[in-house]
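> There's a structure below that I have some questions on.
The values are calculated or read from the model by the stated rules, or taken from the named source; none is laboratory data. Just so it is clear, the model here is predicted, and its values are computed rather than measured. A quick note on method: Cβ atoms are made from the backbone with ideal geometry, for glycine too, and the neighbour counts reach across all protein chains shown.
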Amino acid sequence: MREANRFIEKHHRHSGRAQGCKFCVALSDGQGVIHGVAVVGRPISRYLDDGRTAEVTRLCTDGTFNGCSFLYGCCARIAREMGFRKIITYTLAEEGGASLRASGWSCAPGFRGGGSWNVPGRPRTESRNTGPKRMYYKELR
C-alpha cells in the first residue's frame, strides 16, 4: 500500500493517497519498474458496502499503453477469487471510460454523487473532484 500510494502521489491526475485497501496490484516491466497501480477496497458508499462488492478506489499509470485496461481486468479477476460478486469504480464526468469498457465493465445510467464530504459535524479536507461521477461496474459470477 505504501508503494502504491507513492506512485499515486506522483502520477494520479486528480486524487491523492488511498486511505485503505483490501488489495493493491501493480503493472511492472521485466526490469521491475512500476508503470501503474490499482487500489481496491470496500465501497466508499455505505449503501453499497454489502460485503459482496469491491471498489477500485484508485487506479493510475504513467501512460503505458493499455495499462489501465490491464489493471482493471486484474482487479476484477482478483476480486472474483476473493469471493466478491461485483466490482465498481467511479470516473469523473469528463473521463471517457474506454479502458473500463475495453476490460468488460458497464456504465450505470446517469451520474452519481457530486458535492463535498466536508460537513460541520465531520469536517474533511475539500477535494477538487466534487462534480458528478459515472459509476462503472462488473458482475463477477
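> Among the residues in the range 91-99, are any outside any loop (DSSP other than H, G, I, E, B) and modelled with pLDDT of 95 or more?
Checked against the condition, which is being outside any loop (DSSP other than H, G, I, E, B) and modelled with pLDDT of 95 or more, the range 91-99 yields at least one hit.
> Which residue, of Ala26, Ala54, Ala76, is closer than 23 Å to Ala98 by Cβ, touching a residue at least 12 places away in the same chain (Cβ under 8 Å) and surrounded by fewer than 19 Cβ atoms within 10 Å (Cβ to Cβ)? Full working, then the answer.
Details: Ala54 fails: surrounded by fewer than 19 Cβ atoms within 10 Å (Cβ to Cβ); Ala76 fails: surrounded by fewer than 19 Cβ atoms within 10 Å (Cβ to Cβ).
Unique residue meeting the criteria: Ala26.
> Would you check if there is a residue in the range 49-64 being among the hydrophobic types (A, V, I, L, M, F, W, C) and closer than 18 Å to Glu139 by Cβ?
yes
> For Phe84, indicate whether it is assigned to a loop (DSSP other than H, G, I, E, B), within 21 Å of Gln19 (Cβ to Cβ) and modelled with pLDDT of 95 or more.
yes
> Among (1) modelled with pLDDT under 95; (2) surrounded by 14 or more Cβ atoms within 10 Å (Cβ to Cβ); (3) not charged (D, E, K, R), there is one condition Gly67 misses while meeting the rest; what is its number?
(1)
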